[in-house]
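Below you will find the structure I want to go over with you.
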Amino acid sequence: MNKWLFIFLFSAVPLVEQRGAIPIGILAYHYNPFLVFLVSYLGSLLPAPIILLLFNKIYDWMKGIKQFDFITNIIDNKIRKNKGKLEQYKEIGLITFIAIPLPTTGVWTGTAIAAFLGLDFKKSLLCAAIGGLLSAIIITLICVFMPSFFNNVKAIF
């Protein structure tokens, strides 16, 4: 698989997203940081409209199947934990939640929460784009100015 395509698609994978794709592109493949930033940012937005449109239908279907209890419990806990903050601050809360480059935050979780709370589709998509942009900037800057933060990336790839 082409490495650029890998970066693009890897940034669309839940939990990994830009947090994994940008360090791989910059530190393991030694690609231009701006191009890695751009490709990863665009890739991370790929699932956003799909999640916003389909999350509630898929989630409701999963709730009815016992084998998915583990996953739906994780989703329930994550949403319950962040629901109050997001309902109170709405767009700013969603942008901030998506922008923070930590595990279980990001475009996937942020848009799933937005869909679950019934937030406006266009506003949620815009918030995902802004939050994803901020997250990509933060991760790219860390990779460029503090590469030792991601020491193990080179060993893996």
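The values are calculated or read from the model by the stated rules, or taken from the named source; none is laboratory data. Model, not experiment: these values are computed from the prediction. Virtual Cβ from ideal backbone geometry, glycine too; neighbours counted across all protein chains shown.
Select from the stretch 99-126 the residues that are charged (D, E, K, R) and either part of a helix (DSSP H, G or I) or in contact (Cβ under 8 Å) with a residue 40 or more places away in the chain (or both) and list them in ascending order.
Hits for the stretch 99-126 are K122, K123.
Out of the stretch 1-39, which residues are of a type in the set (A, V, I, L, M), assigned to a loop (DSSP other than H, G, I, E, B) and within 22 Å of T104 (Cα to Cα)?
Within the stretch 1-39, A12, V13, L15, V16 qualify.
Residue-wise test of (1) surrounded by fewer than 19 Cβ atoms within 10 Å (Cβ to Cβ); (2) over 22 Å from L38 (Cβ atoms).
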site: E87; (1), (2): yes, yes
site: I92; (1), (2): yes, yes
site: T96; (1), (2): yes, yes
site: A99; (1), (2): no, no
site: A114; (1), (2): no, yes
site: C127; (1), (2): no, no
site: I137; (1), (2): yes, no
site: M146; (1), (2): yes, no
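Moving on to the next point. Between a first residue in the stretch 135-157 that is within 22 Å of T109 (Cβ to Cβ) and of a type outside the set (D, E, K, R) and a second residue that is outside any helix (DSSP H, G or I) and at pLDDT 95 or above, which pairs have beta carbons less than 6 Å apart while being 6 or more apart in sequence or on different chains?
none
In the set L133, L126, which member is farther than 14 Å from R19 by Cα and at pLDDT 95 or above?
Testing whether each residue is farther than 14 Å from R19 by Cα and at pLDDT 95 or above leaves just L126.
Further, regarding this structure: Among all residue pairs at least 6 apart or on different chains, which show Cβ distances below 6 Å where the first residue, located in the stretch 81-98, is within 14 Å of A115 (Cβ to Cβ) and the second is crowded, with 17+ Cβ neighbours inside 10 Å and of a type in the set (D, E)?
Once the first residue is within 14 Å of A115 (Cβ to Cβ) and sits in the stretch 81-98, no partner that is crowded, with 17+ Cβ neighbours inside 10 Å and of a type in the set (D, E) comes close enough.
State whether one or more residues within the stretch 141-154 are outside any helix (DSSP H, G or I) and not basic (K, R).
Within the stretch 141-154, one or more residues are outside any helix (DSSP H, G or I) and not basic (K, R).
Enumerate the pairs (first residue in the stretch 19-38 and without any contact (Cβ under 8 Å) to a residue 40 or more places away in the chain and surrounded by fewer than 24 Cβ atoms within 10 Å (Cβ to Cβ); second residue anywhere and in a helix (DSSP H, G or I) and basic (K, R)) with beta-carbon separation below 8 Å, excluding pairs fewer than 6 apart on the same chain, so at least 6 apart or on different chains.
If the second residue must be in a helix (DSSP H, G or I) and basic (K, R), the pairs left are Y31/K3.
Hey, another quick one. Within the stretch 40-54, track down each residue that is in a helix (DSSP H, G or I) and of a type outside the set (V, I, T).
S40, Y41, L42, G43, S44, L45, A48, P49, L52, L53, L54
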